[in-house]
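S.K.: Below is one structure. I have some questions about it.
The values are calculated or read from the model by the stated rules, or taken from the named source; none is laboratory data. Note that the structure is a prediction, hence the values are computed from the model and not measured. Positions of Cβ are backbone-derived with ideal geometry, glycine not excepted, and every protein chain shown enters the neighbour counts.
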């Protein structure tokens, strides 16, 4: 009887460990965009884009690749012409799940 209890305990522990390790796979990709905030004006046209992407295989800014470090942080400075624009960041995980963050910005 004690052996069955021990085996059950080991199986429950393994299942719990598996669920803890799989939580990132289950939750999918996410983007935390620190800058810029929406509806911000950039008089000189230089826009710093920074934040953190989690559970991400591929990160794109307006369709172009954006580099991320080992912890998922990214930072990029771009120059935009006068006018309004929408910045679109798209993160894709290894299972093809996609999440997108958008910011509307203005260059007077």
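S.K.: Can you pull out the residues in the range 23-50 that are in contact (Cβ under 8 Å) with a residue 24 or more places away in the chain, within 18 Å of residue 86 (Cβ to Cβ) and in a strand (DSSP E or B)?
M.R.: 31, 33, 40, 41, 46, 47, 48, 49, 50
S.K.: Given the conditions (1) touching a residue at least 24 places away in the same chain (Cβ under 8 Å); (2) in a strand (DSSP E or B); (3) under 13 Å from the mean Cα position of the chain (by Cα), and given that residue 94 satisfies all but one, which numbered condition is not satisfied?
M.R.: (2)
S.K.: Give the residues of the range 59-69 that are surrounded by fewer than 15 Cβ atoms within 10 Å (Cβ to Cβ) and assigned to a loop (DSSP other than H, G, I, E, B), sorted by residue number.
M.R.: 62, 63, 67, 69
S.K.: Here's another thing I want to ask about it. Would you pick out the residues in the range 1-22 that are at pLDDT below 75, in a helix (DSSP H, G or I) and either more than 35 Å from the chain's Cα centre (by Cα) or surrounded by fewer than 10 Cβ atoms within 10 Å (Cβ to Cβ) (or both)?
M.R.: Within the range 1-22, 21 is the sole residue that qualifies.
S.K.: Here's another thing I want to ask about it. Of the residues that sit in the range 70-81 and are in a loop (DSSP other than H, G, I, E, B) and surrounded by 10 or more Cβ atoms within 10 Å (Cβ to Cβ), which one is modelled with the lowest pLDDT?
M.R.: 80
Matching residues to (1) surrounded by 13 or more Cβ atoms within 10 Å (Cβ to Cβ); (2) modelled with pLDDT of 90 or more; (3) touching a strand residue (DSSP E or B) at 6+ places or on another chain (Cβ under 9 Å); (4) closer than 18 Å to residue 30 by Cβ:
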site: 54; (1), (2), (3), (4): yes, yes, yes, yes
site: 83; (1), (2), (3), (4): no, no, yes, no
site: 93; (1), (2), (3), (4): yes, yes, yes, yes
site: 100; (1), (2), (3), (4): no, yes, yes, yes
site: 103; (1), (2), (3), (4): yes, yes, yes, yes
site: 106; (1), (2), (3), (4): yes, yes, yes, no
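S.K.: Looking at (1) assigned to a loop (DSSP other than H, G, I, E, B); (2) under 20 Å from the mean Cα position of the chain (by Cα), which is the one condition that is false for residue 53?
M.R.: Single failed check for residue 53: (1).
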